[in-house]
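The structure under discussion appears below in the form of C-alpha cells.
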Amino acid sequence: MLVVYHTRYAEVYSSDPASAPGRIESILDELKASYEFVEPEQASAQELMLVHTLDHIEHAKTHRPTFEIALLAAGGATKAAELSMQGKPAFALIRPPGHHASRNSSWGFCFFNNVAIAIEKLRIERKIGKALVVDVDLHYGDGTASIFAQSPQVTYFHPEGASRQSYVDELHQFLSVPRGPFGILAVSAGFDRHEHDWGGLLKTEDYYTIGKMLKEFAEAKCDGKRFAILEGGYNHSVLGKSVKALLDGIG
Ligand SMILES: [Zn+2]
C-alpha cells in the first residue's frame, strides 16, 4: 500500500476541525515507519470540471489558501486512483475532505469532491467502466451521492449500522450480494465513527476488519483495484491508529 501525501496537507488552512493543527501529524506518526510515500500534484482545472461547475470553482478560488490545498487534495485522490490502476493499492492522506462537495456547492469542511474527481478521470480516460464507492465516514456523502445520482455505472454505498456488529454485518451483507464486476473500488475513508470520535461506535480493530473485507471484495470483483482517501476523523489520539488499522487490512 502506497501513501499519497504532500507536506502542504499539514498546513492549517482554516478554523474547521478537518484543518485542525496536529490532525495530519497524528496519522503521519503512525504510517511513516511502515509505508512508502508518493507526492501528488495539484488537480488541473479540466479535472475539477469533470465534476464541478465553473461557478463552484470560481467561488472556491476566493478562499485562500484553502483553494491551493484543495487542488492538491483532488490531485492526491487522482494519484491514488492511478496508482491503484497500475496494481499498487494506495491511500491518499489528504485534506480538505470531499464527500460533502456536490457539483455546484460544498459544506462540512469540503471544497472539491476528491473521490468523484478521481473516478470521473478514470472513466473519461476509459480506464474503467463501473465503479463502487464505499463511504465509511460517519456522515452520509451527500456530495458524492448527488454527483453520481444520474450515473448508473457508479454505485455509492454508506453503511449506517447502529451497533459495531450491525455496522460490520451491513457492510458484509452489501459486499456479499452478487454485483459487479467493477473497474475499481474507491473507499471514502472517514474515521469519525470511532468509539472515541463523534460517532461513538467502532473500535480501532473494526477498521482492520472493514479493510480486510474491502480488500477481499476488490480482489474478487475489481481485479484487485482499490484505493482509499481520507475524509473525516477528528480525535487525534485515535485517528492515526484507525487509519493504520484500515490500511493494514485493505493493503
Ligand atoms: Zn464525517
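Taking the condition over 25 Å from residue 127 (Cβ atoms) and under 15 Å from the mean Cα position of the chain (by Cα), does residue 233 pass? When the stated conditions are applied, residue 233 passes them.
Kindly provide the set of residues from segment 187-238 that are more than 15 Å from the ligand (Cβ to nearest atom), under 22 Å from residue 30 (Cα atoms) and among the aromatic types (Phe, Trp, Tyr), ordered by number. The answer is 208, 227.
Picking from residues in segment 149-177 that are within 16 Å of the ligand (Cβ to nearest atom) and crowded, with 18+ Cβ neighbours inside 10 Å, the one that is nearest to residue 132 (Cα to Cα) is 156.
For residue 95, are the conditions met, namely being open to solvent by 50 Å² or more (accessible area, probe 1.4 Å) and within 19 Å of residue 17 (Cα to Cα)? I'd like the intermediate steps shown before the answer.
On the way: open to solvent by 50 Å² or more (accessible area, probe 1.4 Å): no; within 19 Å of residue 17 (Cα to Cα): yes.
Considered against the rule, which asks whether it is open to solvent by 50 Å² or more (accessible area, probe 1.4 Å) and within 19 Å of residue 17 (Cα to Cα), residue 95 comes out as no.
Annotation: of all residues in segment 226-251 being among the β-branched types (Val, Ile, Thr) and touching a Ser or Thr at 6+ places or on another chain (Cβ under 7 Å), the one that is least open to solvent (accessible area, probe 1.4 Å) is 229.
Yes or no: residue 180 within 15 Å of the ligand (Cβ to nearest atom) and either touching a helix residue (DSSP H, G or I) at 6+ places or on another chain (Cβ under 9 Å) or open to solvent by less than 20 Å² (accessible area, probe 1.4 Å) (or both)? It would help to see each step written out before you state the result.
Working: within 15 Å of the ligand (Cβ to nearest atom): no; either touching a helix residue (DSSP H, G or I) at 6+ places or on another chain (Cβ under 9 Å) or open to solvent by less than 20 Å² (accessible area, probe 1.4 Å) (or both): yes.
So residue 180 does not fit the description; no.
Anything in segment 4-45 that is within 21 Å of residue 106 (Cα to Cα), open to solvent by 50 Å² or more (accessible area, probe 1.4 Å) and in a helix (DSSP H, G or I)? List them, or say none. 45 - this is the single residue of segment 4-45 that is within 21 Å of residue 106 (Cα to Cα), open to solvent by 50 Å² or more (accessible area, probe 1.4 Å) and in a helix (DSSP H, G or I). Checked against the criterion of being surrounded by 15 or more Cβ atoms within 10 Å (Cβ to Cβ), in contact with a strand residue (DSSP E or B) (Cβ under 7 Å, 6 or more places away or on another chain) and in contact (Cβ under 8 Å) with a residue 60 or more places away in the chain, segment 196-214 contains one or more residues that satisfy it.
Those helices (runs of 4 or more DSSP H) of segment 46-131 in which 2 or more residues are within 16 Å of the ligand (Cβ to nearest atom) and farther than 14 Å from residue 183 by Cα occupy 114-124. Per the conditions (1) over 22 Å from residue 95 (Cα atoms); (2) open to solvent by 20 Å² or more (accessible area, probe 1.4 Å), the sole criterion not satisfied by residue 146 is (1).
The values are calculated or read from the model by the stated rules, or taken from the named source; none is laboratory data. Not measured: the values here are computed from a predicted model. Cβ atoms come from the backbone with ideal geometry, glycine included; neighbour counts cover every protein chain shown. Note: accessible area is taken over every heavy atom of the protein model, side chains too, but ligands, DNA and RNA are not part of it. Shrake-Rupley method; radii C 1.70, N 1.55, O 1.52, S 1.80 Å.
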